[in-house]
Structures are given as C-alpha cells and as structure tokens.
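To start, the structure under review is shown below, and the notes come after it.
Just so it is clear, none of the values below were taken in a lab; they were calculated from the coordinates. Everything quoted here is computed from the prediction, not taken from an experiment. Here Cβ is always computed from backbone atoms with ideal geometry, including for glycine, and neighbour counts include all displayed protein chains.
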Amino acid sequence: MSKVDYTSEPLVRVEDMSKFFQVGRHATLKAVNNVSFNIYKGETVGLVGESGCGKSTTGRCIVKLDPPTAGHVYYDGKDIYKMSSAEHHQFTADVQMIFQNPYASLNPRMTVKDIVGEGMRLHGKYSNAELDAKIEELLNRVGLGKDHMSRFSHEFSGGQRQRIGIARALSVDPKFIVCDEPISALDVSIQAQVINMLKNLQDELGLTYLFIAHDLSVVKYISDRVIVMYLGNIVEQAPAEELYANPLHPYTKALLSSIPVADPNIAKSRKRIPIKGEIPSPINPKERCQFADRCPYATEKCQKEVPQQKDFGNHHYASCHIL
Ligand SMILES: Nc1ncnc2c1ncn2[C@@H]1O[C@H](COP(=O)(O)OP(=O)(O)OP(=O)(O)O)[C@@H](O)[C@H]1O
Ligand code: SF4
Ligand SMILES: [Mg+2]
C-alpha cells in the first residue's frame, strides 16, 4: 500500500512553472520549461536527471529563493508568490532547503550554535534560556553533540557539515524540505548514513521531502514517487516501484539501464541502452522533443513537435510521441 494519499490536497502544487535566464541580448536559457507536478504530505519525491537539467532551479523556485518566469507554485493551497507578509513568515519556517554543497552553504565565520540557532531566533520560537537546550537537542538528533556548539564549520568533515545543515533546516520545525543532492559531495561510506538519517527524521517528524539526485539508484531507496527531468522538462513521473519496474520514456529506460546491478544473472539479462552524444544546450532550445538528438527511437515528428504529457494510469505520466 502506498503511503501517498492522492485524494488529498497536495502540500506543494507546481503548475506550468518555467524559469528562464536571459544570457545575452538574444539568448534565453530555458533552465525549467513548463513543468507541473504535485507533492503530497508525508511523501518523498525523488527528482532525477543529468547535470544542468534544471533540478536545483526547480527546487529554488519552490522554496521561494528565485521566482519563476511563468507559472505558479502553491504551498498548502496558497500561491507562494502572492502571500501576505504573515503567510510568508510562516512559509520561511515551514519550507527549508538542504544544499548540494555543505562546504559552501555554511558561513565559515559563524559557530555551529549560531548557524543552528539563527532561524530559531528569527522566528522567535524560544527564549534565550531555552535556545541552548534546543540547539543541543537538534545536534543530538543529527548525531552531533554539545561540544560541537562553539566550533566553526570549517573544522568539520563534509558529512558533519551536512549534519549541521540538516540541524539548521530542522531548527524551525519545518514541514517540507527540499534536499538538493545532500549526499553527492560526501564520501560513499557516509552517504548511506545521511540518507538513513533523513529517512528516520521523516518518520519521526512527519516531514515531506523533495529529494534531488543525479541518478536513479540514489533515490530508489528513499522515494515514494520519482520525477525524471531532461533539459528543463519533466519526461516521466510515477510511483517509485512502478517507475523502476515499468519505465516508459526512452530516457528513463536508458538511465535505468546504466545502474549497476549486483546480481550477475540479472546484470547479464539486462540490456544496457547507451545514450549517444552530449546533452544539448538549454539556450534558445527548439520547439521539439529535447531528447530527439540522442533518442534511438526518434522520428521526424520528434524534431518538430513538443510531446505532451500523457496519463498512463496509476499516477504514471510520460511525455513521448511513440508512447
Ligand atoms: N543564475 C543563473 N543564470 C544563468 N543560468 C543559470 C542560472 N542558474 C542556473 N542556470 C542554468 O540553468 C540550467 C539548470 O541549472 P540547475 O542548477 O538547475 O541544474 P541541475 O539539474 O541542478 O544540475 P546539477 O546536477 O549539476 O546540480 C543550467 O544550464 C545552468 O547553467
Ligand atoms: S518523443 Fe521521440 S525523441 Fe522524444 S523520447 Fe519519444 S521517441 Fe524519443
Ligand atoms: Mg543542482
């Protein structure tokens, strides 16, 4: 049984959202191009795609770090870019982001206590007397301790810094967290620890996650649903089990076929589908299927028409002319 209640009002609803950057007088970089998706309370949605496909930009638009060029983002039914100042204040506590690079995302001149306590102070959640105890509790939650409080972030390893970033995000009692490749900069040995910690925190605190990653193997373990992006577009979205068992889009199939499989019998039977060529430029992209130059099934139509998203039932959607 899926824990996702598709009949409920989504916690986050993204509608026809685009984010373009002007990169020259006649050049528009379409980082995110007309994407729509929902995130339901308590679930983890994995957002996957190659470098530069628009994952972080999508995350930044959703947490209100960067306004989209077009479209809407609703949180708890409210348009996040049309909130009153009181609603905005609450939003900045409810919605947090954990960043890709734990080395760049923590201020080196601040102590751990100040980093983790900053949001709590801003939101006036605790008195000064309560603050220390709350910071200590948060540090314990992420596997750090009281003796770390007066130290500076540069004194910590990558894994520890990411834990500090997680404690900072948790400090304001958030409901929804965008985790932007929280483990990709970490040693492989530490990656599983951090993922497990995020998973446990979700269960304990009833959190909802958008979990961004490069490849499908990372999000498999943690995601209830998965969204696959390619060059600013969503090409497929489905419940995780469904997507791994029955991928529909040629790009998803190719991504899945490149995941190493431990079982040699399965590995032998699985056909690897190489993706030919390089990712094309997102600057002034043509109106067509963006995967057309690399897709083994491309037809003339693919070079001329943008494929629309089709509903395949079971909350499974894909955008491809031949499906
Ligand atoms: N502020 C900006 N100005 C111009 N272009 C930008 C800006 N931010 C992002 N881009 C471009 O938008 C596209 C999407 O970038 P984004 O960071 O969202 O990709 P990503 O999927 O997160 O990649 P990665 O996996 O490498 O983190 C890229 O081509 C990037 O160069
Ligand atoms: S629309 Fe055409 S080019 Fe795009 S993925 Fe489908 S078959 Fe390939
Ligand atoms: Mg990114």
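Within the set Lys30/Lys301; Lys253/Lys310; Lys64/Lys146; Lys19/Lys310, which residue pairs have Cα atoms separated by over 28 Å? Those over the limit are Lys64/Lys146. For the chain, taking a cut-off of 4.7 Å between Cβ atoms, the unpaired cysteines are Cys53, Cys61, Cys179, Cys295, Cys320. Footprinting exposure proxy ranking of Ile80, Ile273, fewest other C-beta atoms within 10 angstrom first, gives Ile273, Ile80. Note on the chain: Cα convex hull, mean projected area over all directions, 18.5 nm². Normalised by the number of residues in the stretch 12-318, the mean separation of alpha-carbon contacts (under 8 Å, six or more apart) gives a relative contact order of 22 percent.
Which distance in Å, rounded to a whole number, links the C-alpha centroids of the stretch 67-126 and the stretch 16-32? A separation of 25 Å, based on Cα centres. Calculated mean residue ellipticity at 222 nm for the chain: -9500 deg cm²/dmol, from DSSP H runs with n ≥ 4 weighted as -39500 (n - 2.57), summed, divided by the residue count and rounded to 500.
When the chain is treated as a Gaussian network with alpha carbon springs shorter than 10 Å, the biggest mean-square fluctuation among Thr252, Thr57, Thr92 belongs to Thr92.
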